[in-house]
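The values are calculated or read from the model by the stated rules, or taken from the named source; none is laboratory data. Source: prediction; values computed, not measured. FYI the Cβ positions are ideal-geometry reconstructions off the backbone, even for glycines, and counts take in every protein chain you see.
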Amino acid sequence: MTQDESQNPGSNLVGDKEANVSHPEHSEGSPADSGHPRAGGDPSSDLEALQTKCAEYLSGWKRALADYENLQKQNSSARDDDRRRVRSNLAEDLLPVVDNFGYVTKHVPDISECPEEFKKKFDTWFQGIGHIERQFAEAMKGLGVEPIESIGTIFDPNLHESGGSRSEPGKKEHEIVEELIKGWKIGDVVLRPAKVIVNE
């Protein structure tokens, strides 16, 4: 130990500490030496990843929306089918009643020789029958049911059922000249074909 060292015993310790202090730019594990990207990464890469994720979410949302719209259409179509089925069933149940009213109004008995009092009562009764028949016709119309046109039209096997034939001068071939039983339909669906007589 030199004279200076003996006079300053802490000088060697300070020097040793300075020698052991590592510089930040050359310390082990620093970004410059490790080869790893700095904190935060590449902004352009982060933006691309975010855009990709947003596109995936948007695509999934569109698929979910399309599935929901398809489900609504299917449910709406099923409800429409149910309503048509109910109307058809109800109309078919009412057809015999409507037919009977038609028969009554078509085959009116001859009461010309009956007493006047009876004629008045019969007229009142017959007017009531006609009123009920019109109410049934309105009810059928409300269900979407309409009669099939027959007399004067050409026989259509999709709408008419042949009940016979006869020859009438001045009529076209297969023209319907008489309706035996009225036919009914809902839209394009035939509930019952009209039974008719055609010109041969």
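For the stretch 13-23, indicate whether the set of residues that are at pLDDT 75 or above, of a type in the set (A, V, I, L, M, F, W, C) and part of a helix (DSSP H, G or I) is non-empty. Taking every residue of the stretch 13-23 in turn, none turns out to be at pLDDT 75 or above, of a type in the set (A, V, I, L, M, F, W, C) and part of a helix (DSSP H, G or I). Output yes when any residue across the stretch 81-88 is touching a residue at least 40 places away in the same chain (Cβ under 8 Å), under 30 Å from Ile197 (Cβ atoms), of a type in the set (S, T, N, Q) and touching a strand residue (DSSP E or B) at 6+ places or on another chain (Cβ under 7 Å), and no when none is. Yes, the conditions are met somewhere in the stretch 81-88.
Scanning the stretch 159-200 for residues that are farther than 17 Å from Ser88 by Cβ and without any contact (Cβ under 8 Å) to a residue 40 or more places away in the chain yields a total of 25.
The residues listed here are Glu113, Glu117, Glu48, Glu56; of these, the one that is farther than 30 Å from Glu179 by Cβ and not in a helix (DSSP H, G or I) is Glu113. Just to be sure before I move on: is Lys141 at pLDDT 85 or above, surrounded by 10 or more Cβ atoms within 10 Å (Cβ to Cβ), of a type in the set (Lys, Arg) and over 30 Å from Val190 (Cβ atoms) in the structure I sent? So Lys141 does not fit the description; no. Every listed requirement among (1) modelled with pLDDT of 90 or more; (2) under 25 Å from Arg85 (Cα atoms); (3) exposed (fewer than 15 other Cβ atoms within 10 Å of the Cβ); (4) β-branched (Val, Ile, Thr) is met by Thr124 save one, (2).
Suppose we filter the stretch 133-161 for residues that are in a loop (DSSP other than H, G, I, E, B) and not polar (S, T, N, Q); how many remain?
Count: 10.
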